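Enquirer: One structure follows; several queries about it will come next.
The values are calculated or read from the model by the stated rules, or taken from the named source; none is laboratory data. All values derive from a computational prediction rather than experimental measurement. Counting neighbours? That spans all protein chains shown, and the Cβs are built from the backbone with ideal geometry, glycine included.
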Amino acid sequence: MTAAKSKIATKRPKAAAKATKPAAAKKGRILTGHRPTGPRHIGHLVGTLEQWARMQDDYDCYFLIADLHVLTTDYEHPARIQQNIREVMIDWLAAGLDPKRATFVRQSALMEHAQLALLFSMLTTVARLERVPTYKDQIQNLGLNPSAGLLNYPVLQSADILVYKANLVPVGEDQLPHIELTREIARRFNTLYGDTFPEPEGLLTKTPRLPGIDNRTMHSSYGNSIRLGDTPEETTKKIMSMYTDPKRIHASDPGTVEGNPVFDYHEVFNPNKDEIADFKARYRAGKIGDVEVKRRLAEALNAYLAPLRARRAELLKKPEAALRVLDEGTEKARPLVQATLKEVLEKMGLK
């Protein structure tokens with residue numbers, strides 16, 4: 001979900017661009033966000049947050065706390081949601097997202113998101129939603145008995161994007177099918193009711209997805225992530241426990257660099273590229289141990305995170321200030337989403 005060179009995932013038809021380009025945004029309007037499922041980790045930092053921070057001066061950015069989406073997979077623990085929202089906001093601000101340059105929105109506080117999703121669901125078939133890859137993956141990997149809300153997750157996501165008439169959405173590669181569905185919904189609405197919505201483009205991050213410290217997908221519920229709120233000592237401990245080459249028994253054994261998360265992390269967090277190249281050559285030749293490579297990684301990662309940690313420590317002194325930022329941004333966004341829903345209701349004969 002950059003102002004730096006980003007890969008454009010899809011092309012928008014010229015007619016849609018002409019009809020819907022926001023006048024207030026020189027390079028386009030962006031809508032992106034996170035579900036508040038817990039503290040953010042370094043995968044979020046390099047995969048999305050750093051990209052979002054770079055975009056703020058060049059795009060009209062809306063950053064969404066997608067709390068309604070949490071309920072699609074976890075509606076049994078409502079007490080967690082508010083604490084998670086506070087933690088996500090603190091991590092976002094510490095990572096460089098700035099309320100003076102962007103707008104922060106709480107999804108559930110603007111019911112236009114849910115209302116527009118309901119209207120869009122009338123235009124979207126069940127068969128189409130069942131073909132969304134992430135829906136099938138969640139059922140298979142999480143063993144879920146899917147709710148109607150989970151099936152309609154991509155429709156709500158489409159409403160999140162289109163209620164702002166956003167034309168750019170920073171996403172991971174796994175979310176591109178959702179962007180394609182959003183484009184389909186916008187196209188169908190425009191065909192039926194006249195030009196209303198842009199067909200948004202997906203902006204892919206150039207940073208590869210970081211694996212967890214156990215070499216699985218980094219996920220808070222797996223216990224394999226390094227959180228932005230971890231101390232340097234906690235970070236070092238996690239780095240020293242990282243998965244490496246399971247076939248390498250002794251430091252003198254030749255090791256494999258490819259698929260080794262320690263070296264993936266070095267590529268992202270260690271600015272000394274000559275040192276990385278040296279480590280790789282020596283590792284392949286069995287002339288350096290895992291401990292030395294990990295210790296240097298811990299030093300590099302802690303240095304990389306030091307400025308963020310300093311900002312985060314200041315934000316933690318007044319945690320309610322982060323929620324005020326969210327509330328103020330939500331009120332700023334309210335007239336925009338109200339105008340979009342009003343337009344949609346009128347065009348659909350529901351004035």
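Enquirer: In the stretch 207-237, which residue that is of a type in the set (D, E, K, R) and within 13 Å of L45 (Cα to Cα) is nearest to the chain's Cα centre (by Cα)?
Expert: Filtering first and then ranking leaves R209.
Enquirer: Let me ask something else. Which condition number in (1) small (G, A, S); (2) surrounded by fewer than 17 Cβ atoms within 10 Å (Cβ to Cβ); (3) under 24 Å from P39 (Cα atoms) is the one that A127 fails?
Expert: (3)
Enquirer: Identify the residue in the stretch 200-223 that is in contact with an Asp or Glu (Cβ under 9 Å, 6 or more places away or on another chain) and part of a strand (DSSP E or B) and, among all such residues, is farthest from G38 (Cα to Cα).
Expert: G202
Enquirer: Another question, if that's okay. Just wondering, is there one or more residues in the stretch 103-123 that are more than 30 Å from R188 (Cα to Cα) and of a type in the set (A, V, I, L, M)?
Expert: No: zero hits.
Enquirer: It is to be established whether one or more residues within the stretch 105-113 are in contact with a Gly (Cβ under 6 Å, 6 or more places away or on another chain) and either modelled with pLDDT of 95 or more or of a type in the set (G, A, S) (or both). Reasoning before the result, please.
Expert: Going through the stretch 105-113, the residues in contact with a Gly (Cβ under 6 Å, 6 or more places away or on another chain) turn out to be 105.
The next check asks that each one be either modelled with pLDDT of 95 or more or of a type in the set (G, A, S) (or both); those that pass are 105.
Among the residues of the stretch 105-113, at least one is in contact with a Gly (Cβ under 6 Å, 6 or more places away or on another chain) and either modelled with pLDDT of 95 or more or of a type in the set (G, A, S) (or both), which makes the answer yes.
Enquirer: Can you spot a residue in the stretch 9-29 that is among the aliphatic types (A, V, I, L, M), modelled with pLDDT of 95 or more and either within 17 Å of V105 (Cα to Cα) or in contact with a helix residue (DSSP H, G or I) (Cβ under 6 Å, 6 or more places away or on another chain) (or both)?
Expert: Restricting attention to the stretch 9-29, the residues satisfying the condition of being among the aliphatic types (A, V, I, L, M) are 9, 15-17, 19, 23-25.
Checking the rest, the ones that are also modelled with pLDDT of 95 or more come to none.
Checking the stretch 9-29: not a single residue is among the aliphatic types (A, V, I, L, M), modelled with pLDDT of 95 or more and either within 17 Å of V105 (Cα to Cα) or in contact with a helix residue (DSSP H, G or I) (Cβ under 6 Å, 6 or more places away or on another chain) (or both).
Enquirer: Could we say that P146 is at pLDDT below 90 and more than 19 Å from V70 (Cβ to Cβ) here?
Expert: Taking the combined requirement at face value, the residue does not satisfy it.
Enquirer: For the condition in the same structural domain as D195 (by TED's automatic domain parsing), in contact with a helix residue (DSSP H, G or I) (Cβ under 7 Å, 6 or more places away or on another chain) and modelled with pLDDT under 90, what is the one hit in D174, D137, D160?
Expert: Answer to the check: D174.
Enquirer: For the subset of the stretch 332-351 comprising residues that are of a type in the set (A, V, I, L, M, F, W, C) and more than 12 Å from V163 (Cβ to Cβ), which member is farthest from the chain's Cα centre (by Cα)?
Expert: L350
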